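Novice: Sharing a structure with you now.
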Amino acid sequence: MEIQVVTHPLAAARLTIMRDKRSDNATFRSALADLGAMLIYEASEDLRVEQFSMDTPLTATTGTRLEKPPIIVPVIRAGLGMVDPALSMIPDAQVGFVGLARDEETHKPVPYLEALPDDLAGQPVLLVDPMLATGGSLLHAIRLLSDRGADDITCVCMLSARPGVEAVRDSGLPIRKLVTAAIDPELNEDAYIVPGLGDAGDRLYGPRNIHF
Ligand code: PRP
Ligand code: URA
């Protein structure tokens, strides 16, 4: 698995706004959307393209388009904030959904939604979730994709923790690349990333209270 840490100054500045505890929901959402677009741009660098004949107003020429537009798969809730930025970069992408919530005691993901095509073989997948902490949620989502034949999975996580990166890297699952803006060193006793940015879902949308 390739690990790409995007350290562009504009990306670092947006991540800093997200980390800042003074940023309210609107400020956080706006910074997350900007950083999401930057990371999707980086993550899509190696999508395959094809050439085709076309006309400018002046003459015939050769155009370039994606050979197979990817499917964007957000991990709900926090991943939803990355869908619009991803679609602004890749307007012809499909979108699938995985809903997971971490159990506050066990820190394991509790699944509550799967809305994905049955067959993902041969289709590039951009799996998007702002946070990679223990790695449990991302690994669960990757298994769902892999069970549907996905063989070209790129994970886009804005902030990652070293233990989660190692868990994903060592999982043996078919992951092409992880694109992230930073890798923080550790998790606290509640499995939050430190220094981190807090609970991404809450900072986007307010506190959740999901009953299963
Ligand atoms: C957050 C985040 C990831 C997960 C990461 O979601 O968006 O999905 O935690 O933690 P992990 O790597 O330890 O699994 P959360 O479960 O808080 O749900 P939410 O987005 O609905 O707030
Ligand atoms: N999920 C979050 O939203 N933040 C963390 O620090 C860890 C998991």
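Novice: Averaging sequence separations of C-alpha pairs under 8 Å and six or more residues apart, then dividing by the length of the chain, give the relative contact order as a whole percent.
Specialist: About 23 percent, as a whole number.
Novice: Once the principal axes of the Cα atoms of the chain are found, what is the range along each, listed largest first in whole angstroms?
Specialist: 62, 38, 30
Novice: If you don't mind, there's one more thing I want to ask. Based on Cα coordinates alone, diagonalise the gyration tensor for the range 76-195, multiply each eigenvalue by 5, take square roots, and list the semi-axes in whole Å, largest first.
Specialist: 23, 15, 14
Novice: Where the accessible area of the chain is counted over protein heavy atoms with a 1.4 Å probe, how much of it, in %, is carbon and sulfur?
Specialist: Working: 5260 of 10520 Å².
Percent of accessible area from carbon and sulfur atoms in the chain: 50.
Novice: Find me the longest stretch of the chain that has none of the exposed GluC sites (Glu not before Pro), where exposed means in a DSSP loop (not H, G, I, E or B) with at most 16 other Cβ atoms within 10 Å.
Specialist: Details: sites that count: Glu45, Glu67, Glu104, Glu105, Glu189.
Longest run free of exposed loop sites: 106-188.
Novice: So, for the chain, what is the accessible surface per residue at a probe of 1.4 Å, expressed in square angstrom? Walk me through the numbers on the way to the answer.
Specialist: Details: 10520 Å² over 212 residues.
The answer is 50 Å² per residue.
Novice: In a GNM of the chain with a 10 Å cut-off on Cα contacts, which of Asp34, Asp170, Asp129 has the highest mean-square fluctuation?
Specialist: Comparing Asp34, Asp170, Asp129 in a Gaussian network model of the chain, the most mobile one is Asp170.
Novice: Let me ask something additional. Please work out how much accessible surface Arg148 shows to a 1.4 Å probe, ignoring ligands, DNA and RNA, in Å² rounded to 10.
Specialist: Estimated to the nearest 10 Å², Arg148 gives 50 Å².
Novice: How much net charge surrounds Val49 when only other residues with a Cβ under 15 Å from its Cβ are counted (Lys, Arg +1; Asp, Glu -1)?
Specialist: Combined, the nearby Lys, Arg, Asp and Glu give -3.
Novice: While we're looking at this one, here's another question. Within 13 Å, Cβ to Cβ, of Leu100, how many net charges do the neighbouring residues add up to if Lys/Arg are +1 and Asp/Glu are -1? Please report the intermediate quantities before stating the final value.
Specialist: Numbers: positive: Arg77, Arg102, Lys108, Arg143, Arg208; negative: Asp103, Glu114, Asp129.
In short, +2.
Novice: Got a sec? What order do Ile76, Ile17 fall in by accessible area at 1.4 Å, biggest, i.e. largest, first?
Specialist: Ile17, Ile76
Novice: Between Leu120 and residues 5 or more places away or on another chain, which pairs have amide H atoms under 5 Å apart, with H built 1.01 Å from N, and which residues are they?
Specialist: Gly149, Ala150
Novice: Only bridges with both residues in the range 46-179 count here: give the DSSP antiparallel percent, nearest 5.
Specialist: Details: 13 of 31 bridges.
Restricted to the range 46-179, the bridges split so that about 40 percent are antiparallel.
The values are calculated or read from the model by the stated rules, or taken from the named source; none is laboratory data. The structure displayed is predicted, hence computed values, not measured ones. With ideal geometry, Cβ positions are generated from the backbone for all residues, glycine too; neighbour counts draw on all protein chains shown. Note: accessible area is taken over every heavy atom of the protein model, side chains too, but ligands, DNA and RNA are not part of it. Shrake-Rupley method; radii C 1.70, N 1.55, O 1.52, S 1.80 Å.
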